[in-house]
Every structure is written in C-alpha cells, then in structure tokens.
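The values are calculated or read from the model by the stated rules, or taken from the named source; none is laboratory data. Nothing here was measured: the structure is a model prediction, and the numbers come from that model. All Cβ positions, even for glycine, are placed from backbone atoms using ideal geometry, and neighbour counts span all protein chains on display. Calculation scope for accessible area: heavy atoms of the full protein, side chains included, ligands and nucleic acids excluded. Shrake-Rupley method; radii C 1.70, N 1.55, O 1.52, S 1.80 Å.
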Amino acid sequence: IVSKLKEGLSKTKKQISDSFNLISFGRKIDESLFEDIEMVLLKADVGLKATEEIIQFLREESKKRKITEGEDLKELLKEKLYEILKKCEGKLELGDQKPAVILFLGINGSGKTTTIGKLASQFVQEGKSVVLAAADTFRAAAIDQLEVWAERSGARIVKHTQGADPSAVVYDAVNSAKSRGDDIVLIDTAGRLHTKEHLMKELQKIKRTIKKLMPDQPVETILVLDGTIGQNSINQAKTFKESTDVTGIVITKLDGTAKGGAIIPICQELCIPVKFIGVGEDIEDLQPFDAKNFVDALFD
Ligand code: GDP
C-alpha cells in the first residue's frame, strides 16, 4: 500500500521534495532561500495560507534550533507538513446498524463511479455484502457504468430506468439492504450542478428517504474531487457543501498531477476531513488518507 502510494504521488514528490533538495543543496539559510521554498510550495498547490504558516515555522524553528544549512530545513518541513495534514485526516463513520449508508457526490468526471467501484471491491474483499444504488438516473451511461462495477466487485446493484426519481432508487436500495441484512449501501448520485436549488432539493429528498428508513444511522456523505485540478476544486466543492452536509472528501487522480499539495487548502478551506485518496486505476489505489504515509511517500 505504501509503495503504491509512493508511486502514485511521484509527480507531487518531484514538485515538493525533489525541488526542495535542488534549491537547498549547499545553501546557507537566508531570506532568499525561504522565498524559493515558498515558490516550491505554491507550485505544488499547497495554498497561500498553509505556505505562509510553513515558512513562518521554518524561520522560527531554524533560529530556535540553531539550524544553518538549507538541507537541514527538510526535517522541519516534513514535521510541519505532517502537523497540518494530520488535521485533514478522517475515518469513515458508518454507524452501528445495518446497512451503513454512504452517499457520493461530485461532478461528472471527478472519479465518483470509480471510487464507488473500488470501495465496493474493498468491502466485498473484507467479506461484507454491498449494495450499489444507481441514483444517478440522469445519464443512462452512469447506470451502465455502475453495473459494470457491481459485476466486477461482487456487489448487488439496485437500479431503475433512466429518468426515474433518484429517491425511489435510494428507497429500494436501502429498504432491500435492511431486510436482507446487507452491510453497506453505496449511493451514486447525479453529478450535474444544474442549479444549486435543484441539487439541494434532490439531495435533501434522498437524505430524507434514508432517514425515514434508518432514523438513527449517520449518512456518510462523501464529496469526490478531481485532484488534477488542484485548488480549483474548492469553489465547485462549496456549491455541494451549501446544498447538503458533506462529511468527508475523496481526492482522486493524485497520480496524474504535481498538485497533490492541494489536499491542504481543500481540507482547510472546506473544513471537511479527507477520508480517501485515489492514486491510480487499480482497486487498491483508493487508499484511506493517512498523513504519515502521505508525508513519507513525498520525502522518502
Ligand atoms: P464520474 O463521472 O465522476 O463517475 O467519473 P469516473 O469514475 O467515470 O472517472 C473518470 C475517469 O477518471 C475514469 O477514466 C477513471 O478511470 C479515472 N479515475 C478515477 N479515479 C482515478 C485515480 O485515482 N487515478 C487515475 N489515474 N484515474 C482515475
């Protein structure tokens, strides 16, 4: 899992630690070095706020610890990145009843269906019975794609025809899972940000449907964001956040970008924990977000 993570984050590693090594090698610590490090962090999409916090930390701690060589700032940088990323960590909260319900949000192309498929496969491998709810009834292709993942993963799919009421699909999925004693329902939703009002209504109706069937069960609501667009996903995410309570984030496609640092401003600005990251196409490339593994993969 760690070697896959390392491989998946290699572009971001190049941007952060390889660039850091290049600019700090053989240099004494001074203001111009801090400026260069600042540029490196900004280019990796770490964001202005976190970058300033990190540079401030490097300045103060290097003085305090009497560090004078540029290269020796690396340990401080790792330490601070870990401290910040640790606050972005979050685990799935699935409640203690059956079924656990996870609702997935995200615009088309963000990697939502793939994420659902990978998670379904992982849960099935753990011996859990999984139901996929095809509540993106807007596109026929979305239903087909979910069906492919159901087959591949060994999950059961609940679907209606294109154009059906998404809440009706959710009702059937959760209700049948409840009566059969299935462990988990993963719900795919439509990814169009048509109008905020429409999105809000649809999501609220879906949530009401779940609550009626499972009044005491938390609904883990996961927003899937495309990692290759870095911090640009923040605005898009805000629309979803304003439409419903989002309890976790998945950042996909980190293997395709040098902007992996964006995980920091995304979780900081949205105040939502990152629960998984996607670092490749394979099932095991969807990994729980772990701050320590992440920092180690960037630097070792
Ligand atoms: P959806 O429209 O949000 O359901 O998006 P899809 O799940 O269809 O994903 C869009 C594309 O991104 C597909 O080609 C996926 O294979 C790809 N994808 C999703 N997650 C990852 C990832 O972590 N890494 C890479 N390299 N590709 C991914």
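Overview of values
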{"read-out": "Matching residues in region 96-141 - criterion: being open to solvent by 10 Å² or more (accessible area, probe 1.4 Å) and hydrophobic (A, V, I, L, M, F, W, C)", "value": "I107, F123, V124, F138, A140, A141"}
{"read-out": "Of all residues in region 214-247 being open to solvent by less than 20 Å² (accessible area, probe 1.4 Å) and in a helix (DSSP H, G or I), the one that is nearest to P288 (Cα to Cα)", "value": "G227"}
{"read-out": "Test result for K211, open to solvent by 60 Å² or more (accessible area, probe 1.4 Å) and out of contact with any Asp or Glu (no Cβ under 8 Å at 6 or more places or on another chain)", "value": "yes"}
{"read-out": "Filter pass, T195 being surrounded by 15 or more Cβ atoms within 10 Å (Cβ to Cβ) and either farther than 29 Å from E281 by Cβ or under 19 Å from the mean Cα position of the chain (by Cα) (or both)", "value": "no"}
{"read-out": "Qualifying positions in region 248-295 - of a type in the set (F, W, Y) and either near the ligand (Cβ under 10 Å from one of its atoms) or open to solvent by 10 Å² or more (accessible area, probe 1.4 Å) (or both)", "value": "F276"}
{"read-out": "Residues satisfying the stated conditions in region 1-44, i.e. within 24 Å of L270 (Cβ to Cβ) and either open to solvent by 20 Å² or more (accessible area, probe 1.4 Å) or in contact with a Cys (Cβ under 6 Å, 6 or more places away or on another chain) (or both)", "value": "K11, Q15, E38, L42, K43"}
{"read-out": "Qualifying residue in region 114-133 (condition: within 11 Å of the ligand (Cβ to nearest atom), in contact with a strand residue (DSSP E or B) (Cβ under 7 Å, 6 or more places away or on another chain) and in a loop (DSSP other than H, G, I, E, B))", "value": "no"}
